[in-house]
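*Asks:* Supplied in structure tokens, the structure appears directly below.
The values are calculated or read from the model by the stated rules, or taken from the named source; none is laboratory data. Predicted model only: the values in this text are computed from it and were never measured. FYI the Cβ positions are ideal-geometry reconstructions off the backbone, even for glycines, and counts take in every protein chain you see. Heads up: the accessible areas ignore ligands, DNA and RNA and are worked out on the full protein's heavy atoms, side chains in. Shrake-Rupley method; radii C 1.70, N 1.55, O 1.52, S 1.80 Å.
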Amino acid sequence: MTEHLMKILVVGDWNVGKSSFVHRYVNGHFNKAYKMTVGVDFSVKLLHWSDKEKVRLQLWDIAGQERFISMTRIYYKGALGCVVMFDVTSSSSFLNCRHWKQDLDHKAMLPNGNSIPCILLANKCDLAQRVVSAESINRFSKANGFITWIEISVKENKNIGEAMRVLVQEILAVQSSLDQLQPKCEDSVNIPPDCDDHNSRGARCC
Ligand SMILES: Nc1nc2c(ncn2[C@@H]2O[C@H](COP(=O)(O)OP(=O)(O)OP(=O)(O)O)[C@@H](O)[C@H]2O)c(=O)[nH]1
């Protein structure tokens, strides 16, 4: 059985439902009351991905309030994937997703320099007073390098597991293509015969 460990960030403006999303996904409950995140909260979820694979997700729920944002560079280190969330009843939370995505791309990247896989989640679709259209989300998602976007309702438990499955699937695909880029023993540069273990400049493969 192989176990993959994945650090996943959950970012977006304050009050869009990030903590509720993580709580729903990990514990299966919804809390109506708003409790502001201070700094960062962590949760872990174990997925039985297939007969041969488990995925241990480390979810980093980053506070959306402006005054906590200066710490995020440290939080982003080692992340393999990201959820950017907004509230469909708040146009400013949607517009700020550009900032969250750009910030992510500056602070976290794959070993080959590419952006880490990131999904855009449109939360609170249970509410009637939505102000962000599907068409503009679609355009925005494509223009800003998201894997895709999905409409969710944490309150009504709509598309929560599905959205995370799409993200995990993409992370596994990206990680597997990166593994294939790693030099294998037979592909590596031959070490001259006079190089031995004491030569600190000699690159060794296995
Ligand atoms: N109607 C509705 N309300 C929701 C939904 N998801 C979250 N909420 C409510 O939105 C409010 C904010 O949710 P939080 O999860 O605390 O928001 P947050 O993004 O973590 O906020 P910060 O911790 O400040 O970054 C709470 O009152 C939730 O109950 C949803 O799908 N539908």
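*Asks:* If the only charges are +1 at each Lys and Arg Cβ and -1 at each Asp and Glu Cβ, what is the size of the charge dipole of segment 2-187 around the Cα centre, to the nearest 20 debye? Mind showing how you got there, number by number?
*Replies:* Values: 23 positive and 19 negative charges, 95 e Å.
It works out to roughly 460 debye.
*Asks:* Taking every DSSP beta bridge with both residues inside segment 2-187, roughly what % is antiparallel (nearest 5)?
*Replies:* Details: 11 of 34 bridges.
Taking every DSSP beta bridge within segment 2-187, about 30 percent pair in antiparallel fashion.
*Asks:* Percent relative contact order of segment 1-116, based on C-alpha pairs within less than 8 angstrom and at least six residues apart? Intermediate results must be reported in sequence, preceding the final value.
*Replies:* Details: 196 pairs, mean separation 39.8, N = 116.
Reported as a whole number, the value is 34 percent.
*Asks:* Please give the Cα centre distance for segment 1-64 versus segment 153-171, rounded to the nearest Å.
*Replies:* A separation of 11 Å, based on Cα centres.
*Asks:* Less than 15 Å Cβ to Cβ from residue 19, Lys/Arg counted +1 and Asp/Glu -1: what total charge do the surrounding residues give? Mind showing how you got there, number by number?
*Replies:* On the way: positive: 18, 24, 32, 35, 45, 124, 155; negative: 13, 41, 61, 87.
Here the charged neighbours net out to +3.
*Asks:* Taking the solvent-accessible surface of protein heavy atoms with a 1.4 Å probe, what is the per residue accessible area of segment 2-187 in Å²?
*Replies:* On the way: 9820 Å² over 186 residues.
For segment 2-187, the solvent-accessible area averages 53 Å² per residue.
*Asks:* Sequence neighbours fewer than 8 away in the same chain don't count; with that in mind, list the lysines whose C-alpha is under 27 Å from residue 77.
*Replies:* Residue 77 reaches 7, 18, 35, 45, 54, 101, 107, 142, 184.
*Asks:* Can you tell me the order of 110-116, 163-169, 83-89 when each peptide is scored by its average per-residue count of other Cβ atoms within 10 angstrom, highest first? Walk me through the intermediate numbers first.
*Replies:* Details: 110-116: 12.4, 163-169: 18.7, 83-89: 24.1.
For the peptides 110-116, 163-169, 83-89, the packing ranking is 83-89, 163-169, 110-116.
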